[in-house]
Amino acid sequence: MSDSSPDQPEGAGETSANAKAYWSQNIRLLWMLMTIWFVVSFGAGIIFRDFLDQFALGGYPLGFWFAQQGAIYFFILLIIFYSVRMRQIERQYDLDD
Amino acid sequence: MATQTLIYLFVGLSFALYIGIAIASRAGTTKEFYVAGGGVNPVVNGMATAADWMSAASFISMAGIIAFSGYDGSVYLMGWTGGYVMLALLLAPYLRKFGQYTVPDFIGTRYYSKAARVVAVICLIFISFTYIAGQMRGVGIVFSRFLDVPINLGVIIGMAIVFVYAVLGGMKGITYTQVAQYCVLIFAYMVPAFFISFLVTGNPVPQLGLGSTVNDGSGLYVLQKLDLVLQDMGFAAYTSGEKSMIDVFCITLALMVGTAGLPHVIVRFFTVPKASDARKSAGWALVFIALLYTTAPAVGAFARLNFIDSVQDTDYAEAPAWFRNWESNDLIAWRDKNGDGKMQLGKGDPFQGAPLFAESTGPSGERVVTNETADDNANEVYVDRDIMVLANPEIANLPGWVIALVAAGGLAAALSTAAGLLLVISSSISHDLLKSTFRPQITEKGELLAARLAATAAIVVAGYLGIYPPGWVAQVVAFAFGLAAASLFPAIFMGIFSKRMNREGAIAGMVTGLSFTFLYIGWFKLWSPESNVAANWLFGISPEGIGVIGMLLNFAVAIVVAKYTSAPPKEIAWLVDKIRVPRG
C-alpha cells in the first residue's frame with residue numbers, strides 16, 4: 001500500500017510536498033483501519049473464534065457473535081471514522097472537494 | 001381480504017410505483033443514462049446501493065443457508081459486508097474522482113491500453129451475466145409460489161418491468177426505483193423477523209433475540225438450545241460448523257474482495273457528486289445492508305428451532321398447516337422410512353436428489369416421492385432451505401398482508417439487482433466497446449440509442465437464461481465473486497496505490513488471475529464435479545474461496561512483469577496524482 005517512489009518516472013516529482021504529506025497521512029490511516037478490519041473479522045470471527053467462544057455476550061459465544069454480528073457493526077464504525085477523519089485531514093491540507 | 005388478493009394488490013401496487021418513478025425520471029443524456037447525471041445524494045445512493053446489492057439470494061435464501069449451516073454461514077455475513085470497507089477506504093472515492101462512467105473506463109485509461117479495457121469488459125460481462133440469470137430465476141420462483149403464475153410467465157413479466165425502467169430511465173430511473181425497492185424489501189424482511197423473534201424469545205429485536213433465552217421456560221439461550229437439539233439429532237453443534245478454518249478464511253476473503261470488485265456495485269459510486277460523498281455513501285450503503293444482514297442470522301436460527309420443534313417426532317396427521325402448504329408447493333417432502341407415521345429429522349438426505357412427486361398419496365396422506373431412498377441415514381424430511389424465509393409468516397401465524405409483503409419484497413430484491421446488472425452490461429457495450437474502442441466517432445445520440453439497444457438485448461439474454469437455466473447457473477455463483485476478486489479488484493487497486501504499475505503488468509495479472517480462477521472453479525464445478533472434495537483441493541481451499549489465490553497470483557505476476565517492463569508514461573503519473581486528492 002505504498003509508492004515505490006525511487007522508481008517513479010521523471011515528472012511525477014511535480015507532486016507538491018503538500019499532496020505528498022496528505023497522501024502519506026492517508027496511507028497511515030488506511031493501514032490502521034484495515035488492520036482493525038482484519039482483526040474483527042478474520043481475527044475474532046475466524047482465527048481466534050474457538051478461544052473467544054469461551055467468553056459470552058448474553059447468549060452469544062463471543063467468537064460466534066463477532067462472526068455473525070459484531071464484525072458487521074465494526075465495519076460500519078470503520079467507514080464512519082474514515083469518512084469523518086478524512087474530511088479533517090483534507091481540510092488541514094486544503095485539499096477538500 | 002383473502003391472502004391471494006392481498007398478494008396481487010401488494011405486488012401490483014409496487015410494480016405501478018416502480019414504473020411511475022421510471023417515467024418521472026427518464027434519462028435524456030448519456031451522462032444521465034450511465035451515472036444518473038452524477039448528482040445523486042449520498043444517502044439516497046447508499047439506499048440504492050443496498051437494493052442493488054441485496055439480491056434474490058440475500059432476501060430469499062441467505063437466512064435458510066445460515067439456518068442449515070450455523071457458524072459456517074458466517075462466511076456470507078462477513079464476506080458480503082466486509083467488502084464495503086474495502087470499497088469505502090480503498091476504491092470508491094478515487095474512482096469517483098477519476099470521474100468517468102464505467103469500470104473498464106478506469107482500467108483502460110489508467111493502463112493506457114485498449115487491450116486492458118477489452119479484458120476488463122470481458123470480465124465484467126461474464127461476472128454480470130452469471131449473476132443476472134439467478135435474479136431472473138428468482139423473479140420466476142416468487143411469481144410461481146405466491147401468485148400461481150407459471151415460472152416462465154413470471155420471468156417474462158419481470159423482464160417487461162425491468163425493460164420499462166432500465167431502458168427508459170437508465171441509471172437515473174434505476175437509482176430512484178432502487179430506493180423504493182429498498183424500502184419495500186427491508187420492510188418485508190423486518191416485519192416477520194420482529195414477530196418470529198418475539199414469538200421465540202419474547203424480545204422483538206432479532207439481533208438481541210438471538211442472544212436471549214428461549215421463551216419456553218427452559219432458561220436456555222437460543223444458541224445453547226440449538227446446539228443441544230442439533231447434537232441430539234446427530235448434527236454438528238450450530239455454533240461450531242464443519243468447514244476447515246482455512247476454507248472459511250479464504251471464502252470470506254474471496255467474497256469481500258469480490259464484492260469490492262463487482263462492477264455493478266462500484267458503478268453506483270460514480271453517481272454521487274464528489275469523492276468525499278463516495279465514502280459517505282459507502283457508509284450509508286453498509287448501514288442499510290447491515291439492517292438485513294444482522295437480522296438474517298437471527299431469522300435463520302429462530303426458523304430452524306421452530307421447524308424442529310413443530311416437525312420432529314410429530315404425527316404427519318397433526319403437522320401444522322404450513323407444512324402441507326409447502327409440501328404441495330414441492331418444497332417439503334416426507335418419506336416414512338420407519339413406518340411409524342411420525343416425522344423424524346436427522347443428518348443426511350432422506351432420498352437421492354430433489355423430490356419427484358407421484359400423483360398418489362401414502363398411508364398417512366403424504367405426497368408420495370418416487371426418488372430412491374437413501375438408506376444410510378434416518379432422516380425422513382426433505383426441506384428446501386428457502387422456506388426458512390418464505391414460510392416464516394405462516395410458521396409464525398402472521399396475517400395475510402405480511403405474506404403479501406414478503407412476495408413483494410422478494411420481487412423488489414430480485415428486480416433491483418437485475419436492473420443494476422443490466423445497466424453495467426449495456427454501458428460496457430455502448431460506452432467501452434463502441435464509443436471508446438471500435439466506433440469513437442459515434443454521436444451522443446447514437447451512443448444513447450446504442451446503450452438502450454444493448455440493455456434490451458441484455459434483458460432478452462437474461463430472460464432466456466432465467467427460463468432455460470443452464471445447469472451450471474446454480475453451480476457457478478462462485479464464479480462471479482472469484483473472478484471479480486482475481487481479475488478486476490487487483491487491477492483497480494494497483495491502479496490507485498502504485499504509480500509504477502504499468503500496462504504490461506496489469507494485463508498479465510488480470511489474465512493470470514482470471515484464467516487460474518476460471519479453470520479451478522470450472523474443473524471442480526463443471527468438468528469434474530465428482531472430484532470436488534476437500535482432499536483434492538489446492539491447500540484445502542474450495543472453489544468458493546479460490547479467488548483469493550487467483551488474486552494473489554494476479555498481484556504477484558503484475559508486480560514482477562511491471563518490474564521488468566517500462567514505467568507508465570508521465571500523463572499516467574499525473575492522472576494518479578489527480579485521483580488521489582479530492583480537490584480539483
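The values are calculated or read from the model by the stated rules, or taken from the named source; none is laboratory data. What you are looking at is a predicted structure, and each value in this text was computed from that prediction instead of being measured. Cβ: placed from backbone, ideal geometry, glycine included. Neighbour counts: every protein chain shown.
Annotations for the structure displayed:
- Screening the range A:29-97 for helices (runs of 4 or more DSSP H) wholly inside it with 3 or more residues that are more than 27 Å from B:Thr201 (Cα to Cα) and of a type outside the set (Ser, Thr, Tyr) returns the ranges A:71-92.
- Selected residue (only one of B:Arg324, B:Arg268 is more than 14 Å from chain A (Cβ to nearest Cβ), without any contact (Cβ under 8 Å) to a residue 24 or more places away in the chain and in a helix (DSSP H, G or I)): B:Arg324
- Residues located in the range B:91-102, provided they are within 11 Å of chain A (Cβ to nearest Cβ), within 22 Å of the chain's Cα centre (by Cα) and farther than 25 Å from B:Ala296 by Cβ: none
- Selection status of B:Ala451, assigned by TED's automatic domain parsing to the domain that holds B:Phe351, out of contact with any strand residue (DSSP E or B) (no Cβ under 9 Å at 6 or more places or on another chain) and not aromatic (Phe, Trp, Tyr): no
- Only listed residue being outside any helix (DSSP H, G or I) and within 30 Å of B:Ala36 (Cα to Cα), chosen from B:Pro440, B:Pro469: B:Pro440
- Hits in the range B:189-210 - residues which are hydrophobic (A, V, I, L, M, F, W, C), crowded, with 24+ Cβ neighbours inside 10 Å and either closer than 19 Å to A:Ala56 by Cβ or within 13 Å of chain A (Cβ to nearest Cβ) (or both): B:Val200, B:Leu210
- Filtering the range B:63-115 to residues that are over 30 Å from B:Ala391 (Cα atoms) and of a type in the set (Asp, Glu) leaves only B:Asp105.
Yes/no matrix, rows are residues, columns are (1) modelled with pLDDT of 95 or more; (2) touching a Pro at 6+ places or on another chain (Cβ under 8 Å):
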position	(1), (2)
A:Met1	no, no
A:Ser16	no, no
A:Ala19	no, no
A:Gly43	yes, no
A:Tyr82	yes, no
A:Leu95	no, yes
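- Some residue of the range B:518-534 being in contact (Cβ under 8 Å) with a residue 12 or more places away in the chain, surrounded by fewer than 16 Cβ atoms within 10 Å (Cβ to Cβ), within 14 Å of another protein chain (Cβ to nearest Cβ) and small (Gly, Ala, Ser): no
- Residue in the range A:54-97 that is farthest from A:Trp23 (Cα to Cα), counting only those that are of a type in the set (D, E, K, R) and within 7 Å of chain B (Cβ to nearest Cβ): A:Asp97
- Residue among B:Ile65, B:Ile60 that alone is at pLDDT below 95 and either crowded, with 24+ Cβ neighbours inside 10 Å or facing another protein chain (nearest Cβ under 9 Å) (or both): B:Ile60
- Every residue from the range B:285-302 that is buried (at least 24 other Cβ atoms within 10 Å of the Cβ) and under 14 Å from B:Ala48 (Cβ atoms): B:Ala285, B:Leu286, B:Ile289
- Residue match in the range B:76-83 (condition: of a type in the set (Val, Ile, Thr) and either touching a Phe, Trp or Tyr at 6+ places or on another chain (Cβ under 8 Å) or away from every other protein chain (no Cβ under 11 Å) (or both)): yes
- Scope the range B:558-584; condition facing chain A (nearest Cβ under 10 Å) and not in a helix (DSSP H, G or I); matching residues: B:Ser566, B:Ala567, B:Pro568, B:Pro569, B:Val581, B:Pro582, B:Arg583, B:Gly584
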